[in-house]
Structures are given as structure tokens and as C-alpha cells.
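Taking it in order: structure first as C-alpha cells, then the write-up.
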């Protein structure tokens, strides 16, 4: 009996991208196929349509136990092509009813895909996140307002000094985010000099161990990765001494540099 199938898209790759190895499997362990679009290829897998009907996928999107493993499998394929060629990544769970439907959509977007492939060639995404410790950051040295209160304390009588100490603690809490943001902006400016493109992202709204003041992505050519890592390592150590924590992760596929969310 013929099984109805559906096509799963991982992303678009150059026509000269190498064939993925047999041991690289995709969603649900299915092999990866390269479909010629004309000028580039689509990396896809053929899945059982009964397992990936639109209604079923929609119902399972909130089930992390179901989505999580597929996210890992999707990212494994995307990362392999990012490591061995270039890829314009597709969103997780991008599905098409047939090869023809996938190819038709790809051809409609051919100019955009080709532009992205050229733009991303030899480049990867690196993500920068900066947070701070309110009790560790030296606000007095970096805030004029806090420094003024500290100067008052130095010459105040004991009773007045106590009140000013409380005022200083309040000022430090109020000024700490701005101080951390300034330090984060300086770091981003330094790292951005090594990047082709930079995009600042919305600060995460979910709870973090430490307050986040910067979330950004940098598109960096492979030739500058060693410089980027070296500079980041040095500056991370300097900032840590000031109570500011910077993490640089990568390399990733350039998800954050898709001009239009619909292109991802």
C-alpha cells in the first residue's frame, strides 16, 4: 500500500554543497535529500504525512517533549551544512505537501534565497549576551550621580553619613543598569568592528539568573573568528572583574540575519 508522504525542509544550500554523509540523519531518523531548484538546492527529508498532518503538528507545538527532539534533529542537519557549505536555514517544522510544492515555493523566492546564500558564504552567526551583578558592578567609579553621593559621605558627620550610605545604596541600584548597558555597548562596538553585520535583539523577558542588558548577534567571516574569540576572551575577563558577564556563543547558522521572518 502506498504511504502518503510530506516534505520537510531544513534550508537551502549552494548547488555545489557536498552530499550529506549517510550517518547524518534528520527528522525521525530520515535521510537527507538535496533537491535541485536551479542555482541552488533544497535540503529536505521525506516523512510520513500521517505523522505530520497540519492539524497534528499544530496540536503538538506546545508539547516540548515532542518538539524538543525534532529541534535537535533539525539543528543537527542545519549545522552540518553550515559547517561544510552555506545554508539559508528554514524554520523548524517547515513542511510541504510534495516535492513540486516545495520547489514551486523555492523558485518564487529564488532571488531572495540566492542573495542570502551569497551574503552568508563563509560567514557564521555569533551571539553575544551581557548581564551584570548588581552587587559586583562598580557603579561609583562609573556614575557621576553615585560619585557625588560617595564624595558627600567622605566628609559627613556619623549621623549624616549613615543616611547618605542608605542613599548611595539606592542610587547604585538605580544606576547599575545604565552602567552595565554602557559597558555592554562598548564591548559590542569593539566586537562589531570584526563583523560584517550586527543586529541587536529584544532583551529576554523571561527570568534570568542575572539581569540581561544586551542581546545581539554578529555575522562574522570565518577568517576573523580567531580575532573575535581572542578579543572576546580578553574583554570578558576585564568585564568580569567589574561585575559584568559577557558570553559569546557560536558559530551558528545565521538565523538572526534573515531580512524577513518569512524567509527563515
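Of the numbered criteria (1) modelled with pLDDT under 95; (2) surrounded by 13 or more Cβ atoms within 10 Å (Cβ to Cβ), the one residue 187 fails is (1). Among the residues of the range 249-260, at least one is at pLDDT 95 or above, closer than 27 Å to residue 179 by Cβ and outside the structural domain of residue 82 (by TED's automatic domain parsing). Anything in the range 94-110 that is under 19 Å from residue 48 (Cβ atoms) and in a loop (DSSP other than H, G, I, E, B)? List them, or say none. The answer is 97, 98.
All conditions but one from (1) in contact (Cβ under 8 Å) with a residue 40 or more places away in the chain; (2) under 26 Å from residue 219 (Cβ atoms) apply to residue 49; the one that does not is (2). Considering the conditions (1) exposed (fewer than 15 other Cβ atoms within 10 Å of the Cβ); (2) at pLDDT 95 or above; (3) closer than 22 Å to residue 119 by Cβ, residue 40 is excluded by exactly one of them, (1). Here residue 53 does not fit the description of being surrounded by 14 or more Cβ atoms within 10 Å (Cβ to Cβ) and closer than 15 Å to residue 13 by Cβ.
Take residue 232 and tell me if it is buried (at least 18 other Cβ atoms within 10 Å of the Cβ), in contact with a helix residue (DSSP H, G or I) (Cβ under 9 Å, 6 or more places away or on another chain) and part of a strand (DSSP E or B). No: the conditions fail for residue 232.
The values are calculated or read from the model by the stated rules, or taken from the named source; none is laboratory data. Fair warning: this is a prediction, and the values are worked out from it, not measured in the lab. All Cβ positions, glycine included, derive from the backbone under ideal geometry; neighbour counts span all protein chains shown.
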